Structure formats: structure tokens, C-alpha cells
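Chemist: The following block contains the structure, expressed as C-alpha cells.
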Amino acid sequence: MTKLRSTYESMSNYFVIGNPIDHSLSPLIHNYWFKKYKIQSKYEKKKLKENDLKNFITEMKNNKQIDGANVTVPFKKKIIPFLDQLTDISQKTLSVNTIYKENGKLIGHNTDAPAFTQTLLDLKDWRDGSNRPLKSLIIGAGGVTSSVIFAIEELNDVQGENYIMNRTKKNAEDLIRTGLKELKTKPKFLDWGDIPQNLDIIVNTTSVGLAKDDNLKLDFSIYKNSKKTVFYDLIYNPKETNFLNDAKERGNTVINGKMMFVLQAKKAFLHWTKIDAEIDDEILKLLD
Ligand code: ATR
């Protein structure tokens, strides 16, 4: 009995907070790694309302058994005022998906942006090994868009050419004006449907595609047979949205959001446990 009790007391707890949260697959990944690396910890989903955020952070600070958290939509920006400190990357993207404790302080960090970067660097034949600046189009202006814009900019040694397109143009303008700091190049705002030529990468950051029949209704036919153009959808469930399906049929290179999702988790796990967790087949199967 005493033993059980002390085990429980020494156990650390982690949460993913958001709303809605039912769909989150983060607990599957982190609990798998806790078990694999024999760490006495538990990771759970927590659905919060916006006015619960302050209490959650206070609880996290005072409760020695809560060691960290992930933050998902719609709180990646809203959580910021309650944190003690931000890492450089979360300051620049004004987006926090990971919270860890350091000397009693709660630090907000962003592992989405480096995860996105890594998936592109891991891509075979990415930019033919050249480092010429990228010509990119970002579709959407949601919670994760600032991380993608920041990551693409970081991939360029010199200024690239970045475009952003959103159903509601004003939301994209607001995001660039207030949602990102220290951008080297301001993206150019496009009208919906206005597709530039010779793009290297087109990223869907909208929620369109989460339902199987969803369609952005954008005409990318000028990219027929363009194998070098990467169509990247941050959605990973379903595995292949219409955006990716059409790109595949046109002969483009396609990437879905699965590896970015696993990599952001791996980078958060490293912060919490100092363990560089392996992305093994089991993890990839858990997400299918
Ligand atoms: P968040 O990611 O912050 O939770 P969201 O509600 O999921 O936000 O929406 C993210 C993005 O999806 C937004 O860019 C949104 O466009 P608007 O700014 O015009 O709302 C985009 N989006 C949602 N539904 C869409 C649709 N049917 N067609 C095009 N874009 C859409």
C-alpha cells in the first residue's frame, strides 16, 4: 500500500489542453513513449474553456506532479499572457504548443515550427540539394499558420518569395501584422484563387480536408506534371485530403501532417524527459 502510494506521488502528469480535444492523438504517442522508456508518467487530454486557462496555469505552477503540457487549438496564442517566459521561437511565432517547467517557471515553447522544417529537410531530393530561396504559398490564417510561415522563412538563407491566401483576406493581414514578430520578408497577400506560377511549396494550413468531402476549390492545374512542387497538407487524418489526392494525380510531391505531428511530439518529449524518443513503426501505426 505504502509502495503504491509513493509510486503515485512520484508520478508526473502531462496534459494536452484544447477545445475540442477528443480527436487528439497526443496521449497515444506520449503514453507509448513513457511505457517504452519506463517512465512513471501519465499524459491526458483536458478540455478547457478560455476562462479556465489562468486556473490551469496556476494549478500547473503549484502542483509539483504536473510537469508539462501541450497546447492545441484554439489556445496556442491565448495561453501566452499566463506564462512566465517564452523561448525565442515562441516569441517570434507568438504560438505556444509546449509548456515545460524550469526553476519553478513555466516556459512556453514552440515545437511545431522546427517539426515542419525537419519534414522538409528529410524529403528526398528536397530542392535538388540547392539552397536557392523558396517560392512558397501558404493557404490559411489559423492557429498553426504563423509556425509554418516562420519555418519557411528560416529555411531561406536569403529572402524568398512568400505568398499567403486566405478565404477571409483580412484574417491573413491581421495574422501577419500582429501574429508574427521579426519576419525578414512580409508575405504578399493574394486573392482567393489567384495561384502564382513556379511555386516550390504550397501548404494547406486550413481546416478544409478534415471532413473527407471537403474541398478548397482552388485550381492548381498549371502544376500538372510538376514533380518538384511540394503540396503539403498539415492534416493527417484523413491521410489523403482532396488537396493531396489531386496533387498526387497531377504528379506533384505530396506530404501530409503525420510526420510533423510526431516530430512536434518528439521535440516536446525531449524537453520534458531529456530522452530523444525513437519514432518506431509502432508509433506510426498508432496514428493510422
Ligand atoms: P484554427 O486553426 O485557429 O482553429 P480554424 O477555424 O480551424 O482555425 O480555421 C483555420 C483556417 O481555415 C482559417 O484560415 C479559415 O479561414 P477564415 O479565416 O476565412 O475563417 C480556414 N477555413 C475554414 N473553413 C474554410 C473553408 N470552408 N474554406 C476556406 N477556408 C476555410
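The values are calculated or read from the model by the stated rules, or taken from the named source; none is laboratory data. This structure is a prediction, so every number in the text was calculated from the model and none was measured. Reconstructed Cβ throughout: ideal geometry from the backbone, glycine too, with neighbour counts over all protein chains shown.
Chemist: Out of region 85-119, which residues are of a type in the set (Val, Ile, Thr) and either part of a helix (DSSP H, G or I) or at pLDDT below 95 (or both)?
Modeler: Those that are of a type in the set (Val, Ile, Thr) and either part of a helix (DSSP H, G or I) or at pLDDT below 95 (or both): 89, 93, 117, 119.
Chemist: Could you tell me whether any residue of region 123-137 is of a type in the set (A, V, I, L, M) and either over 22 Å from residue 112 (Cβ atoms) or in a strand (DSSP E or B) (or both)?
Modeler: Yes, the conditions are met somewhere in region 123-137.
Chemist: I'd like the residue in region 147-173 that is under 20 Å from residue 73 (Cβ atoms) and of a type in the set (Ser, Thr, Tyr) and, out of all such residues, is farthest from the ligand (Cβ to nearest atom).
Modeler: 147
Chemist: Can you tell me how many residues in region 166-175 are surrounded by 19 or more Cβ atoms within 10 Å (Cβ to Cβ) and either assigned to a helix (DSSP H, G or I) or over 19 Å from the mean Cα position of the chain (by Cα) (or both)?
Modeler: 2
Chemist: Please indicate, with yes or no, whether at least one residue in region 106-119 is under 26 Å from residue 262 (Cα atoms), of a type in the set (A, V, I, L, M) and within 15 Å of the chain's Cα centre (by Cα).
Modeler: Yes, some residue in region 106-119 is under 26 Å from residue 262 (Cα atoms), of a type in the set (A, V, I, L, M) and within 15 Å of the chain's Cα centre (by Cα).
Chemist: Restricting attention to region 248-288, and to residues there that are aliphatic (A, V, I, L, M) and without any contact (Cβ under 8 Å) to a residue 40 or more places away in the chain, which single residue is nearest to residue 126 (Cα to Cα)?
Modeler: Applying the filter and picking the extreme gives 254.
Chemist: Can you tell me which residue within region 252-288, out of those that are surrounded by 14 or more Cβ atoms within 10 Å (Cβ to Cβ) and over 30 Å from residue 106 (Cβ atoms), is nearest to the chain's Cα centre (by Cα)?
Modeler: 256
Chemist: Go through region 134-146 and report how many residues are more than 11 Å from the ligand (Cβ to nearest atom) and either in contact with a helix residue (DSSP H, G or I) (Cβ under 7 Å, 6 or more places away or on another chain) or not assigned by TED's automatic domain parsing to the domain that holds residue 189 (or both).
Modeler: Result for region 134-146: 2.
Chemist: Being in a strand (DSSP E or B) and among the aliphatic types (A, V, I, L, M) is the filter here, so list the residues in region 176-217 that pass it.
Modeler: 190, 201, 202, 203
Chemist: Tell me, yes or no, whether region 199-209 has at least one residue that is free of Cβ contacts under 8 Å to residues at least 12 places away in the same chain and either of a type outside the set (A, V, I, L, M) or in contact with a Pro (Cβ under 9 Å, 6 or more places away or on another chain) (or both).
Modeler: Checking region 199-209: not a single residue is free of Cβ contacts under 8 Å to residues at least 12 places away in the same chain and either of a type outside the set (A, V, I, L, M) or in contact with a Pro (Cβ under 9 Å, 6 or more places away or on another chain) (or both).
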